[in-house]
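Working notes for the structure below.
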Amino acid sequence: MTHTRSPARSIVVIGAASGAGAPDPRTAEGPDALRRYGAFHDTPLQHVEWDAILRVPRAARDTPLHAVGALDARLAAEVERVLVAGRFPLVVGGDHSVAIGTWRGVQRALAARGPLGLIWIDAHMDSHTFATTPSGQLHGMPLAVLLGHGDAALVAIGGPAPRLRPGNVCLIGVRSFETGEAALLERLGVRVFAMEEIRSRGLGAVFDEALAIVRRGTAGFGVSIDLDALDPDEEPGVGSPVPGGLCRAELAAALARLGDDPAFVAMEIAEYNPHRDPGHATADAAAALVDAIAPKKPA
Ligand SMILES: [Mn+2]
């Protein structure tokens, strides 16, 4: 073997069956549907293995805050365990409130080495607090929470790990947002790459800038993908579709550049709704995005 790529990653898929953070709770069925469909599987150089699908404990099903708090606390612990074992966690939601658990767990595992950078790929900003949200839905809040803003119970999930540094966070694919959350991100100085900018500069150029942001002074970086970043004409199977999104192929090409980067420590795919995906196009897209980060067999 003469190739110089780093050793194959061992990907551990962790399901997070959350629906309580969204108006349509059927994203809770996403992880089971994707596992049944066989969306993520072994490749010649990369081991992909399903871990548990975490569910909301019965005692926490009374309110969305309790449900999200209980599930995300368990998820943070599981993600940390997988990283400490030297493996690569791929979290599969569930509505996007699972991101609180995913990235708190990654931060805990990384804390001794330095801060975490995060690329948030989404049609929305997910940066509301209870003071700004028009809907009250928790899946519209996880990025604010990870930056240390919003409901104290949500910010406390996963314990006293450091908060994300705004200068190491960016959003890609935004095309639907409210003024309150946009004001928070602007005040914090978080870079937002809206769809218009992506269409004028190209996703490749935007991704170069995004990678510089999340690598600057960090111990590692992750990618959180809300499947609604993709165009619903192609991929309809999401919780909150918005027209005019990214093409599957262009996003897969951007992600393919990360596959063998040792600083890339975790990925998340959220908001899969199998009831809106009768032809499996969205499940196939999720599979393509994971395949993109798998190191390929050298020619
Ligand atoms: Mn989202």
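The condition (being in contact with a helix residue (DSSP H, G or I) (Cβ under 8 Å, 6 or more places away or on another chain) and modelled with pLDDT of 95 or more) is satisfied by just one residue among Arg199, Arg191, Arg165, Arg187: Arg191.
So which residues in the range 74-90 are outside any helix (DSSP H, G or I) and in contact with a Phe, Trp or Tyr (Cβ under 9 Å, 6 or more places away or on another chain), if there are any at all? Step through it out loud before you land on a result.
Of the range 74-90, the ones outside any helix (DSSP H, G or I) are 85-90.
Once the filter is applied, which keeps residues that are outside any helix (DSSP H, G or I) and in contact with a Phe, Trp or Tyr (Cβ under 9 Å, 6 or more places away or on another chain), the range 74-90 yields Phe88, Leu90.
Would you check which residues across the range 280-292 are more than 16 Å from the ligand (Cβ to nearest atom) and either at pLDDT below 95 or among the hydrophobic types (A, V, I, L, M, F, W, C) (or both) and list them? Those that are more than 16 Å from the ligand (Cβ to nearest atom) and either at pLDDT below 95 or among the hydrophobic types (A, V, I, L, M, F, W, C) (or both): Ala281, Ala283, Ala287, Ala288, Val290, Asp291, Ala292.
With the structure loaded, tell me whether Leu255 is within 16 Å of the ligand (Cβ to nearest atom), more than 20 Å from Ser97 (Cα to Cα), of a type outside the set (D, E, K, R) and touching a helix residue (DSSP H, G or I) at 6+ places or on another chain (Cβ under 9 Å) or whether it fails that test.
Working: within 16 Å of the ligand (Cβ to nearest atom): no; more than 20 Å from Ser97 (Cα to Cα): yes; of a type outside the set (D, E, K, R): yes; touching a helix residue (DSSP H, G or I) at 6+ places or on another chain (Cβ under 9 Å): yes.
When the stated conditions are applied, Leu255 does not pass them.
State whether the residues of the range 266-273 include one that is surrounded by fewer than 19 Cβ atoms within 10 Å (Cβ to Cβ) and either over 25 Å from Leu116 (Cβ atoms) or touching a strand residue (DSSP E or B) at 6+ places or on another chain (Cβ under 8 Å) (or both). No, because not a single residue in the range 266-273 is surrounded by fewer than 19 Cβ atoms within 10 Å (Cβ to Cβ) and either over 25 Å from Leu116 (Cβ atoms) or touching a strand residue (DSSP E or B) at 6+ places or on another chain (Cβ under 8 Å) (or both).
Yes or no, residue by residue, for (1) part of a helix (DSSP H, G or I); (2) surrounded by 14 or more Cβ atoms within 10 Å (Cβ to Cβ); (3) at pLDDT 95 or above:
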residue	(1), (2), (3)
Ser6	no, no, no
Ile14	no, yes, yes
Asp72	yes, yes, yes
Asp95	no, yes, yes
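Identify the residue in the range 254-263 that is of a type in the set (A, V, I, L, M) and part of a loop (DSSP other than H, G, I, E, B) and, among all such residues, is surrounded by the most Cβ atoms within 10 Å (Cβ to Cβ). Top of the filtered list is Leu258.
Conditions (1) out of contact with any strand residue (DSSP E or B) (no Cβ under 6 Å at 6 or more places or on another chain); (2) closer than 22 Å to Gln107 by Cα; (3) away from the ligand (no atom under 15 Å from the Cβ), marked per residue:
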residue	(1), (2), (3)
Gly167	yes, yes, yes
Gly189	yes, yes, yes
Arg201	yes, no, yes
Gly204	yes, no, yes
Phe207	yes, no, yes
Val214	no, yes, yes
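When the strands (runs of 3 or more DSSP E) confined to the range 108-199 are screened for residues that are surrounded by fewer than 21 Cβ atoms within 10 Å (Cβ to Cβ), those reaching at least 3 such residues are found at 191-194.
Ile213: in contact (Cβ under 8 Å) with a residue 40 or more places away in the chain and either touching a Phe, Trp or Tyr at 6+ places or on another chain (Cβ under 6 Å) or part of a loop (DSSP other than H, G, I, E, B) (or both), yes or no?
On the way: in contact (Cβ under 8 Å) with a residue 40 or more places away in the chain: yes; either touching a Phe, Trp or Tyr at 6+ places or on another chain (Cβ under 6 Å) or part of a loop (DSSP other than H, G, I, E, B) (or both): no.
So Ile213 does not fit the description; no.
Quick check on the range 241-253. Is at least one of its residues in a loop (DSSP other than H, G, I, E, B), over 24 Å from Arg199 (Cα atoms) and not hydroxyl-bearing (Ser, Thr, Tyr)? For the range 241-253, residues in a loop (DSSP other than H, G, I, E, B), over 24 Å from Arg199 (Cα atoms) and not hydroxyl-bearing (Ser, Thr, Tyr): absent.
Mind checking which residues of the range 264-299 are part of a loop (DSSP other than H, G, I, E, B), touching a residue at least 24 places away in the same chain (Cβ under 8 Å) and either out of contact with any helix residue (DSSP H, G or I) (no Cβ under 8 Å at 6 or more places or on another chain) or of a type in the set (S, T, N, Q) (or both)?
Keep residues of the range 264-299 that are part of a loop (DSSP other than H, G, I, E, B), which gives 271, 273, 277-280, 293-299.
Cutting the leftovers down to touching a residue at least 24 places away in the same chain (Cβ under 8 Å) gives us 271, 273, 277, 280, 293-298.
Selection gives Asn273, Ala294, Pro295, Lys296, Lys297, Pro298.
Determine if the range 49-71 includes at least one residue that is over 16 Å from the mean Cα position of the chain (by Cα) and either within 16 Å of the ligand (Cβ to nearest atom) or within 16 Å of Gly239 (Cβ to Cβ) (or both). Yes, the conditions are met somewhere in the range 49-71. Scanning the range 221-233 for residues that are buried (at least 22 other Cβ atoms within 10 Å of the Cβ) and either hydroxyl-bearing (Ser, Thr, Tyr) or away from the ligand (no atom under 15 Å from the Cβ) (or both) gives Phe221, Ser224.
The values are calculated or read from the model by the stated rules, or taken from the named source; none is laboratory data. Being a predicted model, the structure only gives us computed values, none of them experimental. Quick reminder, even Gly has a Cβ in these numbers, built from the backbone with ideal geometry, and neighbours come from all protein chains shown.
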